[in-house]
């Protein structure tokens, strides 16, 4: 018998896929690289490509031990093909997150049906936190995707005994170790261990641990580069990567990123926007959820991420993103068993509307900040912000369409909500974020581009600032050091103290950023 595909189902699936593609690929170059993180990753990858040394990363010519090598390989490889552009530096994160949403879609569809798979993929892909890291030139989008793949493969092994799934978990874990280090092993490993101890007295964890082929795959992927880095840099690598960026990051506060023990409890709803209200629904039947082995696994995953990073001395919002996928799967599992009432759906509509309203208000907020912010660099930037009329017109248009979708009857409520969430998300990634990038980061891109076009051979140093995106757009390292007599200087107008300005003339400036040329 010939079986025909339901055209409506295909249309819906295609729409979800296209919406996710647009969220992560449209206007990747819309905003300049945001310093410090995006600029640092992109410039380190550009320097790797320029030097031809693919075994080590530098930032402005100085050894960089912040992260392992895999994300730099991905960025530099794409730059080899597509050129050293900011959107190319962001592309690995976007592709990784898209692959993760596809994996969650397939997994959830196998668990609860195709409609649930589409819902899980869209909820995860349109959440605020994942959108942020999935469009950023950093390692977090890649690591999050690898953690999702590892965790789902481990559950497949735990529930079916599939050795193939277990070996794939080792592969993804090995790549995670190459992307950000021990956390890639810690989160999925401890999750499975705790679940197994509670469920079958550790039997499954022992079986997962005894997988010689898996260990060989993991070691073959991760160990060669670590051994090479250790042999090349010796204790500098141990001190820089393992001690400073892993041990000290957990035991102390690095770069002023601290927070109270409830930091991630408050951050989590923000990362999940606009789907945050459904978190509350999970609290209505904890015993039923805990009785289900899979939902117990997901809860352990979420709670371990929450507890572990809450104990960390250094707190950054994106750490909690490593527990976002299991939380979304828990919400989807709950929605399958107990469809959301009108009140719960209304809460999602309200969150989406508030996000649209915030987008409309951004130019007003910038104008208000220009009169109240005391920072001598940020205040002039806000005061000289480009017109926000485009932002407000786009937000007003989205609001009108959103109201029409909200009141439209005789159509699927979930499809209407998804369409509205997509519109608001596209408003942010396509209009608001590029505008904010121009407000805050445009001076570095504009001055660097001018310098590259008019004085590509100048040796430029930074004075009292650390803006790695400038070096990326200029195409050459720009170190932080006292300038020699022939050096050009990039300096913020509010930080010229101590610089012998009588030895320089202004070659170019933009919104408070000065490029100084030495006098003959």
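Filtering segment 202-225 to residues that are touching a residue at least 24 places away in the same chain (Cβ under 8 Å) and within 30 Å of residue 240 (Cβ to Cβ) leaves 214, 215, 217, 218, 219, 220, 221, 222, 225. Against the list (1) touching a residue at least 40 places away in the same chain (Cβ under 8 Å); (2) assigned by TED's automatic domain parsing to the domain that holds residue 130; (3) farther than 30 Å from residue 386 by Cα, the condition residue 290 fails is (1). Among all residues of segment 460-480, there is none that is assigned to a helix (DSSP H, G or I), free of Cβ contacts under 8 Å to residues at least 60 places away in the same chain and more than 31 Å from the chain's Cα centre (by Cα).
Note on segment 341-362: residues that are touching a helix residue (DSSP H, G or I) at 6+ places or on another chain (Cβ under 7 Å) and either loosely packed, with under 14 Cβ neighbours inside 10 Å or in contact (Cβ under 8 Å) with a residue 60 or more places away in the chain (or both) amount to 11.
Of everything listed in (1) buried (at least 24 other Cβ atoms within 10 Å of the Cβ); (2) closer than 23 Å to residue 223 by Cβ; (3) over 19 Å from the mean Cα position of the chain (by Cα), the single unmet condition for residue 167 is (1). For segment 318-331, the count of residues that are modelled with pLDDT under 85 and within 19 Å of the chain's Cα centre (by Cα) is nonzero.
In segment 295-397, counting only helices (runs of 4 or more DSSP H) that sit wholly within it, the ones holding 3 or more residues that are under 30 Å from residue 107 (Cβ atoms) span 324-337, 342-372. The conditions of being over 24 Å from residue 335 (Cβ atoms), over 17 Å from the mean Cα position of the chain (by Cα) and modelled with pLDDT of 95 or more are met by residue 150. Scanning segment 107-126 for any residue that is assigned to a loop (DSSP other than H, G, I, E, B) and surrounded by fewer than 24 Cβ atoms within 10 Å (Cβ to Cβ) turns up at least one such residue. Given (1) without any contact (Cβ under 8 Å) to a residue 12 or more places away in the chain; (2) in a loop (DSSP other than H, G, I, E, B), identify the lone condition not met by residue 498. It fails just one condition, (1). Identify, please: which residue in segment 41-95 is without any contact (Cβ under 8 Å) to a residue 24 or more places away in the chain and surrounded by 20 or more Cβ atoms within 10 Å (Cβ to Cβ) and is, among those, nearest to the chain's Cα centre (by Cα)? So the residue we want is 88. Only one of the numbered conditions (1) out of contact with any helix residue (DSSP H, G or I) (no Cβ under 8 Å at 6 or more places or on another chain); (2) at pLDDT 90 or above is not met by residue 217, and that is (1). For the structure I just gave you, tell me whether residue 367 is touching a helix residue (DSSP H, G or I) at 6+ places or on another chain (Cβ under 7 Å) and within 29 Å of residue 126 (Cα to Cα). The answer is no for residue 367.
The values are calculated or read from the model by the stated rules, or taken from the named source; none is laboratory data. The structure displayed is predicted, hence computed values, not measured ones. We place every Cβ from the backbone using ideal geometry, glycine too, and count neighbours over all the protein chains shown.
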